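**Student:** Please read through the structure below; I'll follow up with questions.
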Amino acid sequence: KPQAPFDLPLARRPLLAPRWPIECEVIKETIEHIEWVPPEPEPFCQPMGPELAPATLSEEQGTVVYHLSPAPQGSCFTRARTGGSPGPLSSPAVPLEGPQDTTLLFESRFESGNLQKAVKVGPYEYVLTLRPDLYTAKHTQWFYFRVRNTRREPLYRFTIANLAKPKSLYSKGMRPLLYSQRDAQSRGIGWRRVGDDVCYYCHSKKPAVFCLSWASRFPHDSDTCFFAHSYPYTYSDLLRYLQALAGDPVRSQYCVVRPLCHSLAGNAVYLLTITSPSSGAAAKRAVVLSARAHPGESAGSWAMVGLLDFLLSGHPDARLLRRLFVFKVVPMLNPDGVVVGNSRCSLAGRDPNRAYGMGLPGSFPGVWHLRALVERLLLEQEVVLYCDFHGHSRKNNVFMYGCDGGGSTRTRLCQRVFPLMLSKNAPDKFSFPSCKFKVQKSKAGTGRVVMWRLGVSNSYTMEMAFGGSTLGGRNSHFTVEDLKFMGYHLCDTLLDFCDPDPTKFQQCLLEVDTLLRQRLGQEPGSAGGLSDISQLDSTTSGSDSSVSDGPL
């Protein structure tokens, strides 16, 4: 049922505040960061091998300097309120003994923050513990926290001691992100890559626990700094973006913002409908796009910002796209997970990108309503493309997962044309050889597979590395601008893919056929079928969260 248009607050009114589970303490400060693009590429570092991993001191050998009480084991979400816990704030950080005390002051009780404990094990060395996804005991990957009382001269070492994934791009030269508030205010410098002697290694095998360790200096004394796994993009960032959009007299003419539904905590899951108002939307083909099913994959939000910036611009190609298509965009499917700083789950304690096949609107409202939206669209018009934006922790570059479920040779080749076109439009970022098209049983509940089974022939997950690009002479980290450009490149590729002149499509179809036959050891242009094509995707570096979390 259509709901009332989104009544976004104007500039003179306060911004809507996120709703938090009542057990979450939330500081009152507003956390915002400036956007900044480094003038030079930020190269990957030379990672340390696990044999060179520093000895990780235990908590008993140090002093706890920050500790948030974890959610009780086995607890589940009950209710939420604006601002989280109604009681007075606790003091999780130890007080300083005086101006000579060099202990860092940690904090993470803000949107997307998730540090649970910090233990000081040396004058400038800390062992950190991340909070698992709320109402679970696992899914530790994303991190985002604040430190104060910094010193410029010493070399600090940080070790996150409870990461869950056995493989990581930190083993391939990826470095953490640092934000200095003083540099942002005085020099206009935002998030930057830092860290020497970066090491990702196995800490224990039973249970399997992994550590990330890095050494770093702070740029200033007495600064306020932040560390993060990837460029943060919070629910409040999205609300500010939508507020500016609703207040723009030009862009708001062809973009309607409505709540698709509300999350378990009561945060709105917004749906943007973008098309030219001068032509009937019912006669147009539809494009459905979504991001942030996994809250720790903030790269998806930055790509979505780039896509929206371009699609709502006055560029001739953007006007053509609005005239040809109606875009249905859900920029943040899992706002609760983003708010509380989860890596993967919603407040249901499960991965929402395994729940598209479940009829559980009360547990997974965002994905349930998105699926229902696509089902309604398919009754009225063709959905030419579905694409869900994600981040990837183990492979560099940008790539796609598609759906090859067999059928005719042409059908199987056509599945690969859009990713190949995208690789040509973004040759320094997008890797076609990294794309996979096998429909695995463990991925049956993902948005990509469910939308494909509903009848969306071109259904994809676009994965953007947390690290960066190894293509086109690059060997460097992605910037926010790189990620935003991927949103633009997807729009550009859509025009190529749907060009009435079939020349580009046919050329790419022939190229895909040649590439696949080369990989199968067949002669290009041979009459043989591609029945063995699925073996090319037999090994995949997809998500390693496919193992069931158990019954819901």
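**Student:** Being at pLDDT 90 or above and open to solvent by 70 Å² or more (accessible area, probe 1.4 Å), is that true of even one residue in region 1-9?
**Tutor:** no
**Student:** Sort out which residues of region 424-440 are farther than 25 Å from Leu377 by Cα and either open to solvent by 20 Å² or more (accessible area, probe 1.4 Å) or not assigned by the TED database to the domain that holds Val374 (or both), and write them in order of number.
**Tutor:** Listed by number, the residues that qualify are Lys424, Asn425, Pro427, Asp428, Phe432, Pro433, Ser434, Lys436, Lys438, Gln440.
**Student:** Could you go through region 246-257 and let me know if any residue there is open to solvent by less than 20 Å² (accessible area, probe 1.4 Å), among the hydrophobic types (A, V, I, L, M, F, W, C) and outside the structural domain of Phe327 (by the TED database).
**Tutor:** Of all residues in region 246-257, those open to solvent by less than 20 Å² (accessible area, probe 1.4 Å) come to 255, 257.
Retained after the next criterion (residues that are among the hydrophobic types (A, V, I, L, M, F, W, C)): 255, 257.
From what's left, outside the structural domain of Phe327 (by the TED database): none.
Scanning region 246-257, I find no residue that is open to solvent by less than 20 Å² (accessible area, probe 1.4 Å), among the hydrophobic types (A, V, I, L, M, F, W, C) and outside the structural domain of Phe327 (by the TED database), so the answer is no.
**Student:** Any idea which residue in region 122-145 is surrounded by the fewest Cβ atoms within 10 Å (Cβ to Cβ), counting only those that are under 25 Å from Glu32 (Cβ atoms) and not hydrophobic (A, V, I, L, M, F, W, C)?
**Tutor:** Arg131
**Student:** Filter region 239-256 for residues that are farther than 15 Å from Pro331 by Cβ and among the polar types (S, T, N, Q) and give the result.
**Tutor:** If the condition is that a residue be farther than 15 Å from Pro331 by Cβ and among the polar types (S, T, N, Q), then Ser252, Gln253 are the ones that fit.
Conditions tested, residue by residue: (1) in the same structural domain as Val398 (by the TED database); (2) in a loop (DSSP other than H, G, I, E, B); (3) β-branched (Val, Ile, Thr); (4) closer than 24 Å to Arg175 by Cα.
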residue	(1), (2), (3), (4)
Ser442	yes, no, no, no
Arg448	yes, no, no, no
Trp452	yes, no, no, no
Thr461	yes, no, yes, no
Met464	yes, no, no, yes
Lys484	yes, no, no, yes
Cys491	yes, no, no, no
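**Student:** Quick one: in region 196-223, of everything that is aliphatic (A, V, I, L, M) and open to solvent by 10 Å² or more (accessible area, probe 1.4 Å), which residue is nearest to Pro38 (Cα to Cα)?
**Tutor:** Out of the qualifying residues, it is Val209.
**Student:** Do we have any residue at all in region 223-234 that's outside any loop (DSSP other than H, G, I, E, B) and under 30 Å from Leu312 (Cβ atoms)?
**Tutor:** yes
**Student:** Is it fair to say Glu111 is more than 20 Å from the chain's Cα centre (by Cα) and of a type in the set (Asp, Glu)?
**Tutor:** No, not satisfied.
**Student:** Determine if region 341-349 includes at least one residue that is in contact with a helix residue (DSSP H, G or I) (Cβ under 6 Å, 6 or more places away or on another chain), within 16 Å of Asn267 (Cα to Cα) and open to solvent by 10 Å² or more (accessible area, probe 1.4 Å).
**Tutor:** Yes, region 341-349 contains a residue that is in contact with a helix residue (DSSP H, G or I) (Cβ under 6 Å, 6 or more places away or on another chain), within 16 Å of Asn267 (Cα to Cα) and open to solvent by 10 Å² or more (accessible area, probe 1.4 Å).
**Student:** Being out of contact with any Gly (no Cβ under 6 Å at 6 or more places or on another chain), aromatic (Phe, Trp, Tyr), on the phi < 0 side of the Ramachandran plot and surrounded by fewer than 22 Cβ atoms within 10 Å (Cβ to Cβ) is true for just one of Phe310, Phe327. Which residue is that?
**Tutor:** Matching residue, one of Phe310, Phe327: Phe310.
**Student:** Can you tell which of Arg148, Arg240, Arg193, Arg187 is open to solvent by 50 Å² or more (accessible area, probe 1.4 Å), closer than 27 Å to Glu481 by Cα and not assigned by the TED database to the domain that holds Ala299?
**Tutor:** Step by step, each of Arg148, Arg240, Arg193, Arg187 is checked, and only Arg187 is open to solvent by 50 Å² or more (accessible area, probe 1.4 Å), closer than 27 Å to Glu481 by Cα and not assigned by the TED database to the domain that holds Ala299.
**Student:** Which one of these does Pro54 not meet: (1) open to solvent by less than 50 Å² (accessible area, probe 1.4 Å); (2) free of Cβ contacts under 8 Å to residues at least 60 places away in the same chain?
**Tutor:** In the conditions (1) open to solvent by less than 50 Å² (accessible area, probe 1.4 Å); (2) free of Cβ contacts under 8 Å to residues at least 60 places away in the same chain, Pro54 misses (2) alone.
**Student:** Condition first: modelled with pLDDT of 90 or more and within 24 Å of the chain's Cα centre (by Cα). Now tell me which residues in region 10-24 satisfy that.
**Tutor:** Within region 10-24, Ala17, Pro18, Arg19, Trp20, Pro21, Cys24 qualify.
**Student:** What strands (runs of 3 or more DSSP E) completely inside region 19-91 contain at least 2 residues that are closer than 30 Å to Ser263 by Cα? Walk me through it before giving the result.
**Tutor:** Numbers: elements: 19-21, 63-67, 80-82.
Ranges flagged: 19-21, 80-82.
**Student:** So which residues in region 260-304 are in a helix (DSSP H, G or I) and either open to solvent by less than 10 Å² (accessible area, probe 1.4 Å) or touching a Gly at 6+ places or on another chain (Cβ under 7 Å) (or both), if there are any at all?
**Tutor:** If we filter region 260-304 for residues that are in a helix (DSSP H, G or I), which is where we start, we get 281-283, 299-304.
Across region 260-304, the qualifying residues are Ala299, Gly300, Ser301, Ala303, Met304.
**Student:** Could you please let me know if Ser363 is surrounded by 24 or more Cβ atoms within 10 Å (Cβ to Cβ), in the same structural domain as Ala244 (by the TED database) and of a type in the set (S, T, N, Q)?
**Tutor:** Answer is no for this residue.
**Student:** Cβ contacts < 7 Å: first residue touching a residue at least 24 places away in the same chain (Cβ under 8 Å), restricted to region 190-207; second residue assigned to a loop (DSSP other than H, G, I, E, B) and hydroxyl-bearing (Ser, Thr, Tyr), any location; separation 6+ or different chain. Result?
**Tutor:** Trp191/Tyr231; Tyr200/Ser168; His203/Thr56
**Student:** Tell me which residues, restricted to region 232-264, are over 19 Å from Ser290 (Cβ atoms) and in contact with a strand residue (DSSP E or B) (Cβ under 8 Å, 6 or more places away or on another chain).
**Tutor:** Answer for region 232-264, where residues must be over 19 Å from Ser290 (Cβ atoms) and in contact with a strand residue (DSSP E or B) (Cβ under 8 Å, 6 or more places away or on another chain): Pro232, Ala246, Tyr254.
The values are calculated or read from the model by the stated rules, or taken from the named source; none is laboratory data. Not measured: the values here are computed from a predicted model. We place every Cβ from the backbone using ideal geometry, glycine too, and count neighbours over all the protein chains shown. For accessibility, only protein heavy atoms count, side chains too; no ligands or nucleic acids. Shrake-Rupley method; radii C 1.70, N 1.55, O 1.52, S 1.80 Å.
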